[in-house]
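S.K.: Questions regarding the structure given below will be posed in turn.
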Amino acid sequence: MSGSRGDGDGRSEDKQVRYDQARYVENGQYEPLLSEKDLTRVEIGGEDDGSPLPDDLTRDSLELPELSEPELARHYTRLSQMIYGIDSGPYPLGSCTMKYNPKFTEDVAALPTAAVHPDRSERSIQGTLELLYRLQDYLGRIGGMDAVTLQPPAGAAGEFVGIRVAAAYHEHNGEGHRDEVIVPESAHGTNFATAALGGYDVVSLPSDDDGRVDLEALEAALSENTAALMLTNPNTLGLFERDITEIAEMVHDVGGLLYYDGANLNALLGRARPGDMGFDVMHYNVHKTFATPHGGGGPGAGPVGVVDDLAPFLPAPRVRENGGSKSETSYELFDPDHTIGKVHGYQGNWLVLIKAFAYIARLGDAGLADASAKAVLNANYLASQIGYDVPYEPFHHEFVASAGEQDAADVAKRMLDYGVHPPTTKWPEIVPEALMTEPTEVESKKTLDRLAAAFNAVADEDDPTLEAAPDRTAARRIDQTSAARSPRLSWQTLDLEDD
Amino acid sequence: MHGSHATGSPYAPHTDEERSQMLDAVGAETEADLFDIPEAVQFDGEFDIDARSERETRRLVRSILGRNDDLTELLGRGHYGYYIPSLVDHLADRSEFLTSYTQYQPEVSQGFLQALFEYQSLLVELTGLEIANCSMYDAATALGEAATLAERVRDTSGHRVLVPDRLLEGRRSTLENYVAGTDLVVEAYPTDDGNVDLAALEEATDEEAVMLYAENPTVRGTIEENLEAVGDLAVANEALFVLGSDPIALSVLQRPADVGADVVVGDASVLGLPTSYGMGLGLFATSEDYLRQVPGRLVGASEDSTDRRAYTLTLQTREQHIRRERATSNICTNQAWVALRTAMHAASLGPNGMVDLAERGVTRAEDLAERLDDLVGVKAPVHDRHHFREFVVRVDQPAPAIASDLEKRGFAVHVVGEHEIQVCVAGVSDARIDSFVTTFREVAR
């Protein structure tokens with residue numbers, strides 16, 4: 001079945017990407033550690049060493065690699081070649097929105113005028129304040145929210161702000177007894193962990209048969225103890241929560257707040273806004289929806305938008321207009337009246353926020369709406385080209401296929417051999433052997449055809465082949481059990497082994 | 001034509017022909033047919049955001065940020081502007097580093113994992129503690145995570161977290177938010193001439209204390225002299241000793257493990273990031289006793305099927321995507337790329353360069369303090385201590401007026417009291433420091 005769909009030319013092998021990732025081997029090992037190239041011990045203090053501090057205030061020595069710039073340039077270039085990024089090929093990691101990161105945004109974030117210290121006087125950094133103000137404004141419009149804070153440095157930090165704001169709001173209204181946060185079974189793990197970090201009891205909500213919130217179960221879970229319901233929409237199956245208006249009413253009727261997890265916002269740009277659906281508070285994942293680079297795990301940024309009633313509780317400070325001259329508006333920082341305080345030492349991941357602003361300013365209304373339209377088209381097209389069953393429909397920007405009798409984790413490993421990044425696997429658990437796939441808008445039809453060919457080639461392969469994969473990557477299958485059983489978390493522990 | 005910008009995203013490559021083929025394949029006339037959004041919540045309005053060309057967008061951002069004054073910043077207090085070697089920018093900007101994500105597929109992510117493993121090893125050497133994670137957001141959030149770790153690992157019934165009275169407001173407030181969902185209570189203990197007031201801390205510490213926090217150097221730039229005694233106090237009361245520092249300071253100051261620190265937090269982006277309006281990199285290192293309680297991601301060494309050493313994220317059962325509400329933290333997206341930059345900057349300096357940079361922070365601060373102290377109406381440093389890269393200055397005139405006059409002449413300093421300013425030498429050239437002294441002489445008299 002592989003690859004014969006699409007344009008029907010049947011030359012499936014031509015559609016597949018085969019590639020070998022760079023792999024350096026030296027003395028039977030891959031690229032050596034810096035510490036294996038050199039370790040130099042520098043003594044500090046002692047007799048006539050010229051140290052400006054007395055010995056009792058200093059350490060004895062420091063032992064680290066001492067290497068030349070050319071050696072380091074090669075080391076890090078080699079390391080980079082042993083990494084698969086979006087610029088290497090398709091990266092359909094579900095719920096992560098791995099879209100192309102426009103190059104020019106790096107240039108604007110690197111402007112020397114962006115390099116300012118957070119303790120500068122407000123009048124001397126009007127440019128920074130203006131950019132933050134304009135980004136607050138953009139995000140408010142996109143989410144349908146009345147007020148926005150840019151401080152949270154990641155999505156989970158944004159969730160934490162939402163939960164702390166909810167707590168402060170209830171406390172302010174004399175309802176501090178509310179001690180439960182409801183989270184759908186299929187939600188992102190961060191939702192549960194964030195609610196727990198905020199001191200809440202987590203009430204887990206099962207899905208109904210069609211993969212959405214079960215209204216009866218929700219009715220049963222809601223009570224006067226409900227502080228908030230955290231919801232992703234579309235949910236992790238890519239399905240829109242059609243009953244969202246009713247859900248919002250139910251939550252509001254018991255005095256709870258409705259929280260929107262922005263992880264899947266790339267499905268909705270220009271077509272629906274959380275604020276219009278009845279959500280009271282939401283976070284935006286700018287590293288997902290607004291194309292800032294994921295940087296091997298971060299930094300991201302997780303701004304939070306709220307409705308008017310919650311604005312007084314947002315973190316301090318925020319930015320607002322402050323009159324100014326005829327020709328130029330001026331901006332100032334202010335603390336919301338009942339602020340929860342801070343969730344970051346300063347104002348979050350500034351350099352990331354610049355990139356997000358630039359992306360939104362580049363795309364504008366039409367570009368943003370088109371991004372979501374193409375993201376949803378791409379997910380639907382890709383799903384139509386693969387043989388794996390997709391049990392829940394109609395999905396939007398992502399779909400969850402089932403690997404069926406195959407092990408989804410093994411399927412993923414084997415897909416690496418076809419030069420593509422695999423989907424998120426084994427989650428959400430409602431789909432057996434889940435392959436959670438989000439191609440984003442940046443893939444062309446040709447790339448999607450190649451991606452489909454990779455899925456289909458792997459679907460036709462037997463278990464031993466899958467279990468032996470991958471073999472074209474920089475490293476072969478890595479032993480996870482051994483890594484966890486005897487943790488070796490630094491080069492110092494490797495030295496101990498050698499001794 | 002690809003991605004006609006008049007109608008769509010410039011980064012969606014579909015031609016009209018491809019688009020119709022794809023729509024045909026899924027049985028839809030337009031993309032709109034693919035959306036399952038009830039009419040009541042459909043948005044058919046506009047954001048009123050104009051699309052721009054790349055060039056126009058760059059011009060817009062340049063023009064907005066152009067409103068920032070070009071000042072020489074003698075600013076520190078937790079965020080520093082050290083010189084970043086070009087090597088760091090050029091190599092960290094390689095798109096494989098920039099455009100990959102969390103290493104869920106380690107076989108295609110060896111390079112990033114190895115760089116993070118090397119970062120962890122750097123911190124292990126600097127702190128003397130066995131475990132370092134591969135990043136928190138910043139110093140403030142790392143401090144918050146240390147407190148929740150203390151709550152999990154301490155058997156005592158206590159709930160007191162003791163922090164210095166001069167703790168930065170952003171750190172104090174973040175810490176308060178992190179412990180809001182626990183029984184922990186944050187309390188301040190006094191400092192004396194910049195450093196820990198040991199007698200007062202002894203007085204304040206009892207078996208109800210679960211965590212003692214101190215910083216070295218302190219927020220006032222002084223170097224702590226009593227860290228071992230703080231460590232002993234923590235042991236005697238079965239409290240966790242959490243020490244705040246950074247990789248440059250740790251290159252020469254007392255090794256945390258040698259003074260009994262159980263956890264080290266701080267901002268590691270002093271290496272790797274220029275001034276970035278407070279964006280940071282949370283350093284988090286701890287004893288192997290608390291391995292299973294560490295927040296955040298850990299990279300470990302293992303073997304692949306050819307028996308060669310390979311790296312992977314490990315001990316993930318601590319993390320939110322597996323353990324959910326019982327996870328050690330809610331962190332997912334972290335600061336990995338900043339950690340990469342920090343590791344690159346450290347490697348570029350080497351141990352000689354790091355020690356040299358740290359020692360120059362001591363001598364240059366000392367020199368500048370001496371020169372300012374010579375001026376009429378100025379006393380520097382205020383504290384009779386050794387200093388690291390920054391110090392507090394007493395001025396006879398009101399400090400805000402001095403700072404404002406300095407700003408008009410191109411220099412930014414901290415106002416930390418009615419008659420106190422704070423200055424930092426990190427990243428400031430000798431020529432600019434000379435010019436600063438001259439200017440200071442003019443404004444202080």
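The values are calculated or read from the model by the stated rules, or taken from the named source; none is laboratory data. Predicted model only: the values in this text are computed from it and were never measured. A quick note on method: Cβ atoms are made from the backbone with ideal geometry, for glycine too, and the neighbour counts reach across all protein chains shown.
S.K.: Take the residues of region A:264-308 that are surrounded by fewer than 24 Cβ atoms within 10 Å (Cβ to Cβ) and not acidic (Asp, Glu): which is nearest to residue A:152 (Cα to Cα)?
M.R.: A:307
S.K.: Next question. Do you know which residues across region A:215-232 are touching a strand residue (DSSP E or B) at 6+ places or on another chain (Cβ under 6 Å) and in a loop (DSSP other than H, G, I, E, B)?
M.R.: The one that is touching a strand residue (DSSP E or B) at 6+ places or on another chain (Cβ under 6 Å) and in a loop (DSSP other than H, G, I, E, B): A:225.
S.K.: Name the single residue, out of those in region B:156-178 being at the interface with chain A (Cβ under 9 Å from one of its Cβ atoms) and touching a Ser or Thr at 6+ places or on another chain (Cβ under 7 Å), that is nearest to residue B:244 (Cα to Cα).
M.R.: To start, the set of residues in region B:156-178 that are at the interface with chain A (Cβ under 9 Å from one of its Cβ atoms) comprises B:168-174, B:176-178.
Keeping just the survivors that are touching a Ser or Thr at 6+ places or on another chain (Cβ under 7 Å) gives B:174, B:178.
Values: B:174: 15, B:178: 17 Å.
If we take residues in region B:156-178 being at the interface with chain A (Cβ under 9 Å from one of its Cβ atoms) and touching a Ser or Thr at 6+ places or on another chain (Cβ under 7 Å), then B:174 is nearest to residue B:244 (Cα to Cα).
S.K.: Working only within region B:14-47, note down all residues that are surrounded by fewer than 14 Cβ atoms within 10 Å (Cβ to Cβ), more than 7 Å from chain A (Cβ to nearest Cβ) and in a loop (DSSP other than H, G, I, E, B).
M.R.: B:27, B:29, B:30, B:44, B:45
S.K.: Quick one: what pairs do we get from region A:74-103, first residue more than 7 Å from every other protein chain (Cβ to nearest Cβ), second assigned to a helix (DSSP H, G or I) and of a type in the set (Gly, Ala, Ser), C-beta under 6 Å, 6+ apart or different chains?
M.R.: A:95/A:263
S.K.: Then there's this: Assess whether residue B:288 counts as being surrounded by fewer than 19 Cβ atoms within 10 Å (Cβ to Cβ), touching a residue at least 12 places away in the same chain (Cβ under 8 Å) and either in the same structural domain as residue B:119 (by TED's automatic domain parsing) or under 24 Å from residue A:477 (Cα atoms) (or both).
M.R.: Details: surrounded by fewer than 19 Cβ atoms within 10 Å (Cβ to Cβ): yes; touching a residue at least 12 places away in the same chain (Cβ under 8 Å): yes; either in the same structural domain as residue B:119 (by TED's automatic domain parsing) or under 24 Å from residue A:477 (Cα atoms) (or both): yes.
It is true that residue B:288 is surrounded by fewer than 19 Cβ atoms within 10 Å (Cβ to Cβ), touching a residue at least 12 places away in the same chain (Cβ under 8 Å) and either in the same structural domain as residue B:119 (by TED's automatic domain parsing) or under 24 Å from residue A:477 (Cα atoms) (or both).
S.K.: Among the residues of region B:234-276, count how many are surrounded by fewer than 24 Cβ atoms within 10 Å (Cβ to Cβ) and under 17 Å from residue A:43 (Cα atoms).
M.R.: Summing the residues that are surrounded by fewer than 24 Cβ atoms within 10 Å (Cβ to Cβ) and under 17 Å from residue A:43 (Cα atoms) in region B:234-276 gives 3.
S.K.: So, residue A:133, is that one more than 8 Å from chain B (Cβ to nearest Cβ), within 22 Å of residue A:351 (Cβ to Cβ) and surrounded by fewer than 24 Cβ atoms within 10 Å (Cβ to Cβ) or not? Please lay out each step first, then the result.
M.R.: Values: more than 8 Å from chain B (Cβ to nearest Cβ): yes; within 22 Å of residue A:351 (Cβ to Cβ): yes; surrounded by fewer than 24 Cβ atoms within 10 Å (Cβ to Cβ): yes.
Taking the combined requirement at face value, the residue satisfies it.
S.K.: Then there's this: What pairs come up if the first residue lies in region A:123-143 and is farther than 25 Å from residue B:43 by Cβ, the second is acidic (Asp, Glu) and outside any helix (DSSP H, G or I), and their beta carbons are under 6 Å apart, counting only those six or more places apart or on different chains?
M.R.: Between residues of region A:123-143 that are farther than 25 Å from residue B:43 by Cβ and residues that are acidic (Asp, Glu) and outside any helix (DSSP H, G or I), the close pairs are A:124/B:69.
S.K.: Sort out which residues of region A:462-499 are more than 8 Å from chain B (Cβ to nearest Cβ), surrounded by fewer than 18 Cβ atoms within 10 Å (Cβ to Cβ) and part of a loop (DSSP other than H, G, I, E, B), and write them in order of number.
M.R.: Answer for region A:462-499, where residues must be more than 8 Å from chain B (Cβ to nearest Cβ), surrounded by fewer than 18 Cβ atoms within 10 Å (Cβ to Cβ) and part of a loop (DSSP other than H, G, I, E, B): A:462, A:471, A:472, A:486, A:499.
S.K.: Does residue A:372 satisfy the criteria of being within 30 Å of residue A:110 (Cα to Cα) and assigned by TED's automatic domain parsing to the domain that holds residue A:260? Write out each step before concluding.
M.R.: Values: within 30 Å of residue A:110 (Cα to Cα): yes; assigned by TED's automatic domain parsing to the domain that holds residue A:260: no.
For residue A:372, the condition - within 30 Å of residue A:110 (Cα to Cα) and assigned by TED's automatic domain parsing to the domain that holds residue A:260 - is not met.
S.K.: Any idea which of B:77, B:67 is crowded, with 18+ Cβ neighbours inside 10 Å and not assigned by TED's automatic domain parsing to the domain that holds residue B:392?
M.R.: On the way: B:77 fails: not assigned by TED's automatic domain parsing to the domain that holds residue B:392.
Only one candidate qualifies: B:67.
S.K.: Please state which of the following conditions residue B:216 fails to meet, knowing it meets all the rest: (1) in contact with a strand residue (DSSP E or B) (Cβ under 6 Å, 6 or more places away or on another chain); (2) away from chain A (no Cβ under 13 Å); (3) closer than 20 Å to residue B:259 by Cα.
M.R.: (2)
S.K.: Looking only at region A:136-164, filter to residues that are part of a helix (DSSP H, G or I) and either of a type in the set (Asp, Glu) or at positive phi (or both); which one of those is farthest from the other protein chains (Cβ to nearest Cβ)?
M.R.: Filtering region A:136-164 down to residues part of a helix (DSSP H, G or I) leaves A:136-143, A:155-164.
Within this subset, residues satisfying the condition of being either of a type in the set (Asp, Glu) or at positive phi (or both) are A:137, A:159.
Numbers: A:137: 9, A:159: 7 Å.
Within region A:136-164, the match that is farthest from the other protein chains (Cβ to nearest Cβ) is A:137.
S.K.: Could you list, in sequence order, all residues of region A:326-373 that are under 30 Å from residue B:178 (Cβ atoms), assigned to a helix (DSSP H, G or I) and of a type in the set (Val, Ile, Thr)? Show your work before the answer.
M.R.: So in region A:326-373, the residues under 30 Å from residue B:178 (Cβ atoms) come out as A:331-357.
Narrowing further to those that are assigned to a helix (DSSP H, G or I): A:350-357.
Answer for region A:326-373, where residues must be under 30 Å from residue B:178 (Cβ atoms), assigned to a helix (DSSP H, G or I) and of a type in the set (Val, Ile, Thr): A:352, A:354.
S.K.: Could you name every one of the strands (runs of 3 or more DSSP E) located completely within region B:136-224 that has at least 1 residues being surrounded by fewer than 17 Cβ atoms within 10 Å (Cβ to Cβ)? Show your work before the answer.
M.R.: On the way: elements: B:160-164, B:185-189, B:209-215.
Because the criterion is at least 1 residues that are surrounded by fewer than 17 Cβ atoms within 10 Å (Cβ to Cβ), the strands (runs of 3 or more DSSP E) in region B:136-224 that meet it are B:185-189.
S.K.: From the residues in region A:41-60 that are farther than 16 Å from residue B:249 by Cβ and assigned to a strand (DSSP E or B), which one is farthest from the other protein chains (Cβ to nearest Cβ)?
M.R.: Only one residue fits best here, namely A:43.
S.K.: Residues B:282, B:350: which one is more than 22 Å from residue B:110 (Cα to Cα) and without any contact (Cβ under 8 Å) to a residue 60 or more places away in the chain?
M.R.: Values: B:282 fails: without any contact (Cβ under 8 Å) to a residue 60 or more places away in the chain.
Exactly one residue qualifies, and that residue is B:350.
S.K.: Can residue A:72 be described as touching a strand residue (DSSP E or B) at 6+ places or on another chain (Cβ under 9 Å) and either assigned to a helix (DSSP H, G or I) or among the β-branched types (Val, Ile, Thr) (or both)?
M.R.: Values: touching a strand residue (DSSP E or B) at 6+ places or on another chain (Cβ under 9 Å): no; either assigned to a helix (DSSP H, G or I) or among the β-branched types (Val, Ile, Thr) (or both): yes.
It is false that residue A:72 is touching a strand residue (DSSP E or B) at 6+ places or on another chain (Cβ under 9 Å) and either assigned to a helix (DSSP H, G or I) or among the β-branched types (Val, Ile, Thr) (or both).
S.K.: If only one of A:201, A:253, A:208, A:261 is surrounded by fewer than 15 Cβ atoms within 10 Å (Cβ to Cβ) and within 14 Å of chain B (Cβ to nearest Cβ), which one is it?
M.R.: Numbers: A:253 fails: within 14 Å of chain B (Cβ to nearest Cβ); A:208 fails: within 14 Å of chain B (Cβ to nearest Cβ); A:261 fails: surrounded by fewer than 15 Cβ atoms within 10 Å (Cβ to Cβ).
Every option except A:201 fails the conditions.
S.K.: Looking at region A:273-311 only, could you name the residues that are closer than 30 Å to residue B:96 by Cα and charged (D, E, K, R)?
M.R.: Step one: filter region A:273-311 for residues closer than 30 Å to residue B:96 by Cα, giving A:283-304.
Residue satisfying the conditions is A:288 alone.
S.K.: I've got another one for you. Among the residues of region B:119-131, how many are small (Gly, Ala, Ser) and more than 7 Å from every other protein chain (Cβ to nearest Cβ)?
M.R.: So the count comes out to 1.
S.K.: Inspect all residues belonging to region B:74-87 and state whether any of them is in a helix (DSSP H, G or I), more than 30 Å from residue B:440 (Cβ to Cβ) and touching a residue at least 40 places away in the same chain (Cβ under 8 Å). Step through it out loud before you land on a result.
M.R.: Quick first cut of region B:74-87, residues in a helix (DSSP H, G or I) only: B:86-87.
Those left that are additionally more than 30 Å from residue B:440 (Cβ to Cβ): B:86-87.
Then keep just the ones that are touching a residue at least 40 places away in the same chain (Cβ under 8 Å); that gives B:87.
Yes, because at least one residue in region B:74-87 is in a helix (DSSP H, G or I), more than 30 Å from residue B:440 (Cβ to Cβ) and touching a residue at least 40 places away in the same chain (Cβ under 8 Å).
S.K.: If you don't mind, there's one more thing I want to ask. Scan region A:233-272 for residues that are assigned to a loop (DSSP other than H, G, I, E, B), touching a helix residue (DSSP H, G or I) at 6+ places or on another chain (Cβ under 9 Å) and at negative phi and report the count.
M.R.: So in region A:233-272, the residues assigned to a loop (DSSP other than H, G, I, E, B) come out as A:233-238, A:240-243, A:254-256, A:268-271.
If we keep only those that are touching a helix residue (DSSP H, G or I) at 6+ places or on another chain (Cβ under 9 Å) as well, we get A:233-236, A:238, A:240-241, A:243, A:255-256, A:268-271.
Then keep just the ones that are at negative phi; that gives A:233-236, A:240-241, A:243, A:256, A:268-269, A:271.
So the answer is 11.
S.K.: Any residue at all in region B:279-294 that is assigned to a strand (DSSP E or B), under 22 Å from residue B:82 (Cα atoms) and of a type in the set (Ser, Thr, Tyr)? Break it down into steps so the answer makes sense when it comes.
M.R.: At the first step, the residues of region B:279-294 found to be assigned to a strand (DSSP E or B) are B:282-286.
If we keep only those that are under 22 Å from residue B:82 (Cα atoms) as well, we get B:282-284.
Applying the additional criterion that residues be of a type in the set (Ser, Thr, Tyr) yields none.
No; the residues of region B:279-294 include none that is assigned to a strand (DSSP E or B), under 22 Å from residue B:82 (Cα atoms) and of a type in the set (Ser, Thr, Tyr).
S.K.: Additional query: Quick test of your reading of the structure: residue A:44 fulfils all but one of (1) at pLDDT 95 or above; (2) surrounded by 19 or more Cβ atoms within 10 Å (Cβ to Cβ). Name the failing condition by number.
M.R.: (1)
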